[in-house]
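The values are calculated or read from the model by the stated rules, or taken from the named source; none is laboratory data. As the structure is a computational prediction, the values presented were derived from the model and not from experiment. No Cβ is skipped: glycine too gets one built from the backbone with ideal geometry, and neighbour counts run over all protein chains shown.
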Amino acid sequence: MPRAETPAAIARRVALLALLAVTPAAAAEDLGRGVNLFQSDGIFTAGDGTRFDLATFPRLKALGFGHVRFATRPFADLDANGHPTDRWIGVLRSLIDTALAARLQVIVDVHESFACAKDRIACERRLAATWTTLSARLADYDDRVVFEILNEPDGAVDPVTWNRLADMALRIIRAKNPTRRVVVGPAASNHFTALGKLSLPPEDRNLIVGVHYYEPFAFTHQGTHWTNLKDATGVEWGTAEEIARLERDFDTIRAWAKAERRPVLIGEFGAYERGDSRSRFCWTYRVARAAEARGWSWSYWQLTNDFALMDEVTGRWNDWLIAALTASANPETCRAPTPGRPRPSP
């Protein structure tokens, strides 16, 4: 016959169950508003390949952002054993330290979707080696540092393969980071329609589900040179039905998240520069507000290069796009204060 629990043991168990019930959602909400950095920047490469100014971190904090998502590509700098090099890890740690000092949380995202989409076997080997290194070398950071296993699994990494690879990586991470928040998104490039195929360990309640939102694609990616929409410009957005479609999409995500008791991060969203400013402003404003209304955090795509919040050459900030993200704008008109070219930051 089992021994009866003492009052102290019961209290500890109840407290633990309560913590497991509320921590993930609260943690996701705590990330707040964020921005993606470094996907196309040379800051991780040897030599002078970056225009990034470390003063950008406190600037983002002052603008109302709570975190940054580092879109890193460690596969480009592996040592003879297939692990990220000491030099690469040193750069990463320096950037994390500077962001934390600016009171920003950090998501370390392994942004190797293209490599993994081409070669499943190589992806598995490199992903295991990368997370073995990262989980050990970043284990001393507190919970302001969040891990993201892999950006936008797709191609050779189909939903079945992805569930297996994510489980493998998560086991590696948990060996040295048992309670760290980890972002795991669905296959099909983190598209919300693939959520039903995502399998997560039910006992791990420190997982955040990362979903990327670029709907409708014909609007958000019009004029992009890497798609078949290079010459398909002039698409506007903002009708009542289009706004309702956005709300329905997010309600679909919310229904899945509620059933699975998982917090959500909209890890990427943005509309390309060749769309008109009014539509881009309206779409960005509505996506950010729809996520926040459901208690989700979000990370805008991205700081520089394309979909940009800032021109990395001139240092000019896109003030009307920042206004759309931070809600310092008129939601009724859904119009950009100054359409067209970004204004210099104040």
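General remarks:
- Selection status of W256, assigned to a strand (DSSP E or B) and either under 29 Å from L165 (Cα atoms) or not aliphatic (A, V, I, L, M) (or both): no
- Candidates in the stretch 310-329 are the residues that are surrounded by fewer than 22 Cβ atoms within 10 Å (Cβ to Cβ) and not hydrophobic (A, V, I, L, M, F, W, C); of these, the one that is nearest to R33 (Cα to Cα) is T326.
- Output for the stretch 128-144, where each listed residue is under 19 Å from V68 (Cβ atoms) and free of Cβ contacts under 8 Å to residues at least 12 places away in the same chain: D142
- When the criteria are applied in full, I266 fails the requirement of being in a helix (DSSP H, G or I) and surrounded by 17 or more Cβ atoms within 10 Å (Cβ to Cβ).
- Count of the stretch 121-160 residues which are within 17 Å of the chain's Cα centre (by Cα) and of a type in the set (S, T, N, Q): 1
- Total residues in the stretch 248-280, condition in contact with a Gly (Cβ under 9 Å, 6 or more places away or on another chain) and of a type outside the set (D, E, K, R): 10
- Every residue from the stretch 286-315 that is under 24 Å from T193 (Cβ atoms) and touching a Leu at 6+ places or on another chain (Cβ under 8 Å): R286, V287, A288, A290, W296, S297, W298, S299, Y300, Q302
- Residue pairs whose Cβ atoms lie under 7 Å apart, sitting 6 or more positions apart in sequence or on different chains, and linking a residue in the stretch 169-183 that is more than 17 Å from H83 (Cα to Cα) to a partner that is assigned to a helix (DSSP H, G or I) and at pLDDT below 95, are R181/A27.
- Total residues in the stretch 260-291, condition in contact with a helix residue (DSSP H, G or I) (Cβ under 9 Å, 6 or more places away or on another chain) and of a type in the set (D, E, K, R): 7
- Test result for G295, assigned to a loop (DSSP other than H, G, I, E, B), loosely packed, with under 15 Cβ neighbours inside 10 Å and at pLDDT below 95: no
- Restricting V35, V22, V14 to those that are out of contact with any Lys or Arg (no Cβ under 6 Å at 6 or more places or on another chain), at pLDDT 90 or above, among the β-branched types (V, I, T) and on the phi < 0 side of the Ramachandran plot reduces the list to V35.
- Number of positions in the stretch 105-127 that are over 17 Å from A187 (Cβ atoms), crowded, with 16+ Cβ neighbours inside 10 Å and without any contact (Cβ under 8 Å) to a residue 60 or more places away in the chain: 3
- Positions within the stretch 146-162 being surrounded by 20 or more Cβ atoms within 10 Å (Cβ to Cβ) and not charged (D, E, K, R), in sequence order: V146, F147, I149, L150, N151, P153, V157, W162
- Complete set of residues in the stretch 69-87 that are without any contact (Cβ under 8 Å) to a residue 60 or more places away in the chain and closer than 16 Å to L37 by Cα: F70, T72, R73
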